[in-house]
1. Do we find a residue being in a loop (DSSP other than H, G, I, E, B) and more than 21 Å from VAL211 (Cα to Cα) anywhere in segment 285-306?
2. Identify, from the list VAL269, VAL242, the residue that is of a type in the set (Val, Ile, Thr), in a helix (DSSP H, G or I) and either in contact with a Ser or Thr (Cβ under 8 Å, 6 or more places away or on another chain) or buried (at least 21 other Cβ atoms within 10 Å of the Cβ) (or both).
3. What is the one condition in (1) surrounded by fewer than 21 Cβ atoms within 10 Å (Cβ to Cβ); (2) under 20 Å from the mean Cα position of the chain (by Cα); (3) within 30 Å of GLN275 (Cβ to Cβ); (4) of a type outside the set (Gly, Ala, Ser) that PRO113 does not satisfy?
4. Has segment 190-200 got any residue that is among the acidic types (Asp, Glu), at negative phi and modelled with pLDDT under 95?
5. Would you check which residues across segment 63-97 are more than 24 Å from ALA13 (Cα to Cα) and either modelled with pLDDT under 50 or of a type in the set (A, V, I, L, M) (or both) and list them?
6. Test of understanding: among VAL37, VAL6, which residue is modelled with pLDDT under 85, open to solvent by 40 Å² or more (accessible area, probe 1.4 Å), within 19 Å of PHE288 (Cβ to Cβ) and within 19 Å of the chain's Cα centre (by Cα)?
7. Say we look at segment 116-138 and pick out the residues that are open to solvent by less than 10 Å² (accessible area, probe 1.4 Å) and not in a helix (DSSP H, G or I); which of these is farthest from LEU158 (Cα to Cα)?
8. Please tell me if ILE179 is more than 16 Å from the chain's Cα centre (by Cα), among the β-branched types (Val, Ile, Thr) and modelled with pLDDT under 95.
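The values are calculated or read from the model by the stated rules, or taken from the named source; none is laboratory data. Note that the coordinates shown come from a computational prediction; the quantities given were computed from them, not determined experimentally. Every residue, glycine among them, receives a Cβ derived from its backbone with ideal geometry; neighbour counts consider all protein chains shown. The protein model used for the area step is the full one, side chains on, heavy atoms only, and it has no ligands, DNA or RNA in it. Shrake-Rupley method; radii C 1.70, N 1.55, O 1.52, S 1.80 Å.
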Amino acid sequence: MQPFRVLALIVAAISAAILAAPAQAAEYPERTITVIVPFPPGGASDATARVVTAKLAERGAIGSAALKQAKPDGYTLLVGSIGVFAINPALFKDLRYDPQKDFDLLTVAVRTPNVLVTNPAFPVNSVRELIEHLKKTPDKVTFASSGTGSSDHLTAALFWQKTGTTGIHVPYRGGGPAINDLVAGHASVSFQNLGAIAEQVRARKLKALAVTGDRRAAALPDVPTIAEAGVGDLEVYSWQAVAAPKGLPADVKARLEAELIASVRAPDVKARFDQIGFDVVGNTSAQFAEFLAAEIARWKLVIETGKITAE
C-alpha cells in the first residue's frame, strides 16, 4: 500500500466535503477542521513512506491517543488505518485509547485486498502447491512483510493458521523494501496490498497466486480469489477510516457522516482511488461500528493464536 498517498486523498476528500457544504452563520462548521493523520510527516514522498513504515503502528497509537483528548465538537478528526482501529488494541498491551469507547466512528472510506505473491523462481504455481510445499518444508520458507503487526504480516499468520502450515516471518522497514527483496529473491513469499504489487505482477517480476478479496481484482483479473484457490475464511482487506472524539453532538455527527460518504463516493474521488488499487466503501457510522467489532475480534484471535507481539 502507499499509505501517505491514500491518506492524502482521504484528507483532501474531507476538506472538499466540508468546504463545499452549505453553512449558515453560527452553524457548524465555523472554523478550520483539524485532521489527525497518525503517521510521520513527509507523506508526499513514497520513498519517505517506505522508510518510516516500520514506525507506523507505534506512531499510530500515539496519534490516535491524541484524538481521545480532543474536544468532541467536530473540529478534530482522525484518518487511520486497519492498524489504528483494529490491530493496535490487541497488539499493544498499554494502548492509551480504545477505538470503540473513545471514538465516534464516522465511515470506512476505502479498502484494498492483499495479494499472495512469490518470487518468480519460487517452485510453486498455485495456492495448493504452496501449501504442499510448506508442509514438506515446515519453518523454512520466508514470508516478507512491511512490519510486525502489519496487515500483510497478520494475513500470513492467518494463512498459516487456516492451512496448518508454518513459515518464517521476515519484517521489513515498510512494504517497499519487502517487495524489493521479494523481487530480488532474498525472500520467497508475501501478502502485499494490491496497489503496491500490481505492476510487478504484470511485468512478471512477481508471481501472483491469489487475492484475498471477495471477488477477483480488476487490476489482476486472471488471479483467483483465495477462496477459489481452496482456502476459506481468509477474506482480508486493508482499510482506511475516519473517526472523531467520542461525544459529538448528534447533528454534527450526522452532518459529518453524510458529507464524508458523499465525498468519497464522488466520481472524481473514486476514480483517483481506483488508480491506486483501492475500492471506495463509504459506509455509515452504524455499519462501521459493526464492522470494527468483527475486525477487532478477528485480529485479536489471530494475534493470540500466533503469539504475536509488537516487539
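1. First pass over segment 285-306, keeping only residues in a loop (DSSP other than H, G, I, E, B): none.
Within segment 285-306, none of the residues are in a loop (DSSP other than H, G, I, E, B) and more than 21 Å from VAL211 (Cα to Cα).
2. On the way: VAL242 fails: in a helix (DSSP H, G or I).
Answer to the check: VAL269.
3. Going through the list (1) surrounded by fewer than 21 Cβ atoms within 10 Å (Cβ to Cβ); (2) under 20 Å from the mean Cα position of the chain (by Cα); (3) within 30 Å of GLN275 (Cβ to Cβ); (4) of a type outside the set (Gly, Ala, Ser), PRO113 breaks only (1).
4. Taking segment 190-200 and keeping what is among the acidic types (Asp, Glu), we get 199.
Of the ones still in play, those that are also at negative phi are 199.
Remaining after also requiring modelled with pLDDT under 95: 199.
Within segment 190-200 (the criterion being among the acidic types (Asp, Glu), at negative phi and modelled with pLDDT under 95), the answer is yes, since at least one residue qualifies.
5. First pass over segment 63-97, keeping only residues more than 24 Å from ALA13 (Cα to Cα): 69, 87-97.
Listed by number, the residues that qualify are ILE87, ALA90, LEU91, LEU95.
6. Working: VAL6 fails: open to solvent by 40 Å² or more (accessible area, probe 1.4 Å).
Answer to the selection: VAL37.
7. First pass over segment 116-138, keeping only residues open to solvent by less than 10 Å² (accessible area, probe 1.4 Å): 116-118, 124, 127, 130, 134.
Then keep just the ones that are not in a helix (DSSP H, G or I); that gives 116-118, 124.
Working: LEU116: 12, VAL117: 16, THR118: 17, VAL124: 20 Å.
Only one residue fits best here, namely VAL124.
8. Working: more than 16 Å from the chain's Cα centre (by Cα): yes; among the β-branched types (Val, Ile, Thr): yes; modelled with pLDDT under 95: yes.
In short, yes.
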